[in-house]
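The values are calculated or read from the model by the stated rules, or taken from the named source; none is laboratory data. Remember, it's a predicted structure, so these values are computed and weren't measured experimentally. As a convention, Cβ positions derive from the backbone with ideal geometry for all residues, glycine included, and neighbour counts pool all protein chains shown. Note: areas computed on protein heavy atoms with side chains; ligands, DNA, RNA excluded. Shrake-Rupley method; radii C 1.70, N 1.55, O 1.52, S 1.80 Å.
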Number of protein chains: 6
Amino acid sequence: MPLIQVKLIEGVFTEMQKREMIHRLTEAMVAVEGDNMRAVTWVVVEEVRSGHWGIGGEWLTTAAVKALAAGTPAG
Amino acid sequence: MPLIQVKLIEGVFTEMQKREMIHRLTEAMVAVEGDNMRAVTWVVVEEVRSGHWGIGGEWLTTAAVKALAAGTPAG
Amino acid sequence: MPLIQVKLIEGVFTEMQKREMIHRLTEAMVAVEGDNMRAVTWVVVEEVRSGHWGIGGEWLTTAAVKALAAGTPAG
Amino acid sequence: MPLIQVKLIEGVFTEMQKREMIHRLTEAMVAVEGDNMRAVTWVVVEEVRSGHWGIGGEWLTTAAVKALAAGTPAG
Amino acid sequence: MPLIQVKLIEGVFTEMQKREMIHRLTEAMVAVEGDNMRAVTWVVVEEVRSGHWGIGGEWLTTAAVKALAAGTPAG
Amino acid sequence: MPLIQVKLIEGVFTEMQKREMIHRLTEAMVAVEGDNMRAVTWVVVEEVRSGHWGIGGEWLTTAAVKALAAGTPAG
């Protein structure tokens with residue numbers, strides 16, 4: 001039953017990282033719900049195009065998110 | 001008013017099949033709500049990339065879904 | 001895999017009708033995808049409060065939808 | 001907190017128009033909620049493929065939406 | 001075609017404010033897409049229960065959002 | 001940026017468990033994305049009414065999910 005829908009900006013994470021997300025989010029949910037619920041725990045990951053995500057009206061690009069993740073200023 | 005949002009894994013269904021889905025899901029809804037609601041019945045189909053869908057923490061690929069649909073083991 | 005998320009306005013359909021929707025939408029999807037996919041076909045129905053749905057900026061109430069379904073003018 | 005998720009059909013709007021949408025939708029929300037909420041106002045824009053959107057069971061293509069926007073018949 | 005789905009925390013906004021949101025978000029979208037698209041511009045507003053929204057792992061309550069909107073510290 | 005939207009059936013989990021979910025899902029995401037992304041990691045939890053969730057066309061009730069979680073047959 002638990003359905004987890006994740007939205008990211010494209011190009012920020014590698015395929016490996018997205019698979020790790022699916023694994024870790026599932027384990028996080030199973031830790032609360034119990035292992036009997038594992039088979040019906042779904043995680044869906046979708047990616048939004050660079051610039052198609054606004055925070056406070058500012059367009060968030062792939063480059064900006066990478067800079068944020070790295071702890072360096074985007075400008 | 002009824003809004004039906006469908007998520008699939010990419011590459012499993014042909015364009016023809018997806019159009020048939022939109023048609024059949026609309027008819028299924030109209031069968032319950034009545035024909036007067038047809039014009040405001042929306043169906044949106046979105047596709048998620050292969051491997052971006054987890055069931056029980058396992059990554060579901062286009063190939064795995066096709067094998068499941070065909071009734072053959074994925075491995 | 002197929003995930004079908006339905007949004008309705010509350011108070012328009014009975015519990016029986018909503019269960020019939022889940023049944024019919026599942027059958028519609030299975031008719032396209034094949035019966036092997038049935039067990040992984042999910043349908044989630046959510047209801048939005050009366051007036052919380054806008055079409056062209058007009059607030060759609062439960063009463064307005066019922067009038068539309070009945071084919072009678074809302075006013 | 002306010003989360004605004006927008007779905008469009010691909011190829012109808014330019015990148016410039018989508019950025020303008022994010023800007024205008026944020027301003028519309030801030031006009032109601034107050035400027036203190038701006039930083040936690042998110043807008044996510046996603047695009048659905050041409051023909052993957054049904055209205056009343058009819059497949060809406062990019063060309064049909066453009067014709068509608070221009071006020072010319074699609075046929 | 002444009003579909004705008006809004007999520008809020010319950011109890012923060014009055015019914016009047018939510019109706020104003022639907023109106024203003026529709027006008028914002030129409031300003032970009034043109035008036036011919038108005039009739040197929042949908043806005044759906046959903047509310048999430050207090051505490052069911054996490055930002056950085058912190059639970060956002062109705063009271064906390066109201067304090068943020070008012071520009072006063074939540075603690 | 002990462003947005004995590006969770007759907008559950010109502011009445012299965014306590015408020016404490018839902019808060020633990022928000023905490024654990026956030027930590028799972030931060031473990032992949034890095035701590036600089038924590039402040040822009042959102043988790044939204046929504047609950048669907050008992051019987052409004054279909055798996056393979058069967059209506060999933062709160063009681064059925066609790067039985068599944070407990071590892072006891074629902075019937």
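Among the residues of region F:25-46, is any of a type in the set (S, T, N, Q), over 20 Å from residue E:59 (Cβ atoms) and in contact with a strand residue (DSSP E or B) (Cβ under 9 Å, 6 or more places away or on another chain)?
As a first pass, look at region F:25-46 and keep what is of a type in the set (S, T, N, Q): F:26, F:36, F:41.
The next check asks that each one be over 20 Å from residue E:59 (Cβ atoms); those that pass are F:36.
Filter once more, so that each one left must be in contact with a strand residue (DSSP E or B) (Cβ under 9 Å, 6 or more places away or on another chain): none.
Taking every residue of region F:25-46 in turn, none turns out to be of a type in the set (S, T, N, Q), over 20 Å from residue E:59 (Cβ atoms) and in contact with a strand residue (DSSP E or B) (Cβ under 9 Å, 6 or more places away or on another chain).
Is it fair to say residue D:12 is assigned to a strand (DSSP E or B) and surrounded by 19 or more Cβ atoms within 10 Å (Cβ to Cβ)? So residue D:12 does not fit the description; no.
Taking the condition more than 29 Å from residue B:36 (Cα to Cα), at pLDDT 95 or above and in contact with a helix residue (DSSP H, G or I) (Cβ under 7 Å, 6 or more places away or on another chain), does residue D:25 pass?
Yes; evaluated as a whole, the condition is true for this residue.
Yes/no per residue for (1) under 16 Å from residue E:3 (Cα atoms); (2) under 10 Å from the mean Cα position of the chain (by Cα); (3) without any contact (Cβ under 8 Å) to a residue 12 or more places away in the chain:
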site	(1), (2), (3)
D:1	no, no, no
D:5	yes, yes, no
D:15	no, no, yes
D:18	yes, yes, no
D:22	yes, yes, no
D:35	no, no, yes
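Taking region B:1-48, which residues are hydroxyl-bearing (Ser, Thr, Tyr) and away from chain D (no Cβ under 11 Å)?
The first filter runs over region B:1-48 and keeps only residues hydroxyl-bearing (Ser, Thr, Tyr), leaving B:14, B:26, B:41.
The one that is hydroxyl-bearing (Ser, Thr, Tyr) and away from chain D (no Cβ under 11 Å): B:14.
Residue F:66 meets each of the listed conditions (1) among the charged types (D, E, K, R); (2) assigned to a helix (DSSP H, G or I); (3) modelled with pLDDT of 95 or more apart from (3).
Take region C:53-67 and flag every residue that is free of Cβ contacts under 8 Å to residues at least 40 places away in the same chain and within 14 Å of chain E (Cβ to nearest Cβ).
Within region C:53-67, the first condition is being free of Cβ contacts under 8 Å to residues at least 40 places away in the same chain, and the residues that meet it are C:54-59, C:63-64, C:67.
Across region C:53-67, the qualifying residues are C:54, C:55, C:56, C:57, C:58, C:59, C:64.
Taking only region B:15-57 into account, find how many residues are of a type outside the set (S, T, N, Q), assigned to a helix (DSSP H, G or I), more than 23 Å from residue C:18 (Cα to Cα) and open to solvent by 10 Å² or more (accessible area, probe 1.4 Å). Final tally of qualifying residues: 3.
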